[in-house]
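The values are calculated or read from the model by the stated rules, or taken from the named source; none is laboratory data. Values in this document were obtained by computation on a predicted structure and should not be read as measured data. Heads up, the Cβs are rebuilt from the backbone with ideal geometry, glycines too, and the neighbour counts pull from every protein chain shown. Please note that ligands, DNA and RNA were not included when accessible areas were found on the heavy atoms of the full protein model with its side chains. Shrake-Rupley method; radii C 1.70, N 1.55, O 1.52, S 1.80 Å.
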Amino acid sequence: MRTRDFLTLEDVRREELQEVLDLARAYGVGAHADRPLVGKTVCLAFFEASTRTAASFELAARRAGADVISISGKGSAIEKGESLVDTLVTLDSLGADAIVVRHPAAGAVRLATRHTGAATINAGDGCGQHPTQALLDLYALSDRLGGFDELAGRKVAIVGDIMHSRVARSVIPAFRAAGMELALVAPDTLLSRESGAWRLPILPSVDEAISWGSDILYTLRLQKERMSGARIPSVAEYARYYGVSERHLKSGMLVMHPGPVNRGVEISGGAVLSNSSLISAQVASGVAVRQAVLALATGVAERIAA
Ligand code: NCD
């Protein structure tokens, strides 16, 4: 059986996105009833905090019939000094077909693939990549806009802490491959080294993003756990220029956020709960999309499409 790693979306093609989303759509309408992952073992190895990603991977794997093992840094032999690679090799020896890894170090998940036979899925590596987040974002957006083809030409402003965001590093190439037009909205101190290479307009405030003609505001959390030193003068001043509130959400405008949300910083509570918000839909899309990814990773996708 063919197996496949999901590590990055840096060079993703439109057809690959479409393949995952079509498969996820099949799951979304209940095709998981035939439990395509029966007999497969999925390991969830989360070495960094997670609510939605961990919960939806687990739900996705269990609903599709897989045996699921979960480990984290706390309570595993990592606490006794075992290395990441040795830990993952152990899971591999237990017969894992897919290992889903989240780790605070960028590149750690790719390193794991060199030492294990199981398909490896990146559930977020430091400031690196978070491919399944961008895939579920596209799923939620396609749903709201009436199909994948409706994404082409939409204008998306990515707002906030781009420097520390693995979500942005996956969303940017994936949204581009889907034909969307992007701009970055962040202070210089929160732009990443590769911002120049992306060749995207850089705008100084959410108001400017509205003037640019944004259809979608994709907001990001200030990721303090990954910051070294002060990057903004104060949270209140940051929120004044880079915080999205109801006043920005004219009719038809959509707002997204990968969660967890810091209300009143990057987005107001009212904007989170508004009709423009896709935040709950993003979370809900995670299960079907992660089932599709697990099915593709373990090589059983053909059974779903059939
Ligand atoms: C993000 C992450 O962990 O990268 N959250 C998520 O997976 N939904 C974004 C963040 O932590 O801000």
For segment 235-306, what Kirkwood radius comes out of the mean inverse Cα-Cα distance, in Å? 14.3 Å
Which three extents, in whole angstrom, do the alpha-carbon atoms of segment 108-158 cover along their principal axes, largest first? 42, 22, 14
Tally up the carbon and sulfur contribution to the accessible surface of segment 184-306 as a whole percent, 1.4 Å probe, everything protein left in place. 52 percent
Coil-residue trypsin sites (Lys or Arg not before Pro) of segment 82-184, DSSP, other Cβ within 10 Å capped at 11: Arg114
Stokes-Einstein diffusion coefficient for segment 72-133 at 37 °C in a medium of 0.692 mPa s, Rh from the Kirkwood formula over Cα pairs: what value in µm²/s? 278 µm²/s
Heads up, I need the accessible area for Ile71: 1.4 angstrom probe, whole protein in place, Å², nearest 10. 40 Å²
Find the Rg to Rh ratio for segment 116-198, where Rh is the Kirkwood radius over alpha-carbon pairs and Rg uses the same atoms. 1.01
Tell me, what HN-Hα J-couplings in whole Hz come from the Karplus equation 6.51 cos²θ - 1.76 cosθ + 1.60 at θ = phi - 60° for each residue of segment 180-193, using x for Gly and Pro? 8, 9, 10, 9, 9, 10, 6, x, 3, 6, 10, 9, 8, 4
Just how much of Leu222 is accessible, in Å², when a 1.4 Å probe is used and the result is rounded to the nearest 10? 10 Å²
Give the residue from Tyr238, Leu145, Ser214 lying farthest towards the positive end of the charge dipole for the chain; charges sit on Cβ (+1 for Lys and Arg, -1 for Asp and Glu) and the dipole is referred to the Cα centre. Tyr238
Magnitude of the Cβ-charge dipole (Lys and Arg +1, Asp and Glu -1) of the chain about the Cα centre, nearest 20 debye, reported as 260 debye
May I ask you to give the solvent-accessible area per residue for segment 84-158, in square angstrom, as obtained with a 1.4 angstrom probe? 32 Å²
Phi-derived 3J(HN,Hα) across segment 111-124 with the Karplus relation (6.51, -1.76, 1.60, θ = phi - 60°), rounded Hz, x for Gly and Pro, is 4, 4, 5, 6, 10, 10, x, 5, 5, 10, 10, 7, 9, x
Quarter of the Cα convex hull surface for segment 34-184, i.e. its orientation-mean projected area (nm²): 10.1 nm²
Two pseudo-spin positions, 7 Å from Cα along C-beta at Arg193 and at Glu16, lie apart in nanometres by 2.3 nm
Rounded to the nearest whole Å², what accessible area per residue is found for segment 171-254 with the 1.4 Å probe? 48 Å²
In deg cm²/dmol, rounded to the nearest 500, the helical mean residue ellipticity at 222 nm of the chain, built from -39500 (n - 2.57) for every DSSP H run of length 4 or more, is -11500 deg cm²/dmol
Per-q log10 I(q)/I(0), segment 165-289, q = 0.19, 0.21, 0.22, 0.23 Å⁻¹ (Debye; single scatterer per alpha-carbon; no solvent): -1.21, -1.50, -1.64, -1.77
Glu79-Glu208 pseudo-label distance in nm [points 7 Å out on the Cα-to-Cβ vector]: 4.8 nm
Need one number: nm distance between label points at Asp215 and Asp149, each 7 Å from Cα along Cα→Cβ, rounded to one decimal. 1.4 nm
Net +/- balance of residues flanking Leu278 in space, Cβ distance below 13 Å, scoring K and R +1, D and E -1: -1
Just tell me, in residue order, which DSSP H segments of the chain are both 18 angstrom or longer along the helix axis (alpha-carbon based) and at least 1.0 in mean Kyte-Doolittle hydropathy. 279-298
Starting from the Kirkwood radius over alpha-carbon pairs of the chain, derive D by Stokes-Einstein at 37 °C in a medium of 0.692 mPa s and give it in µm² s⁻¹. 167 µm²/s
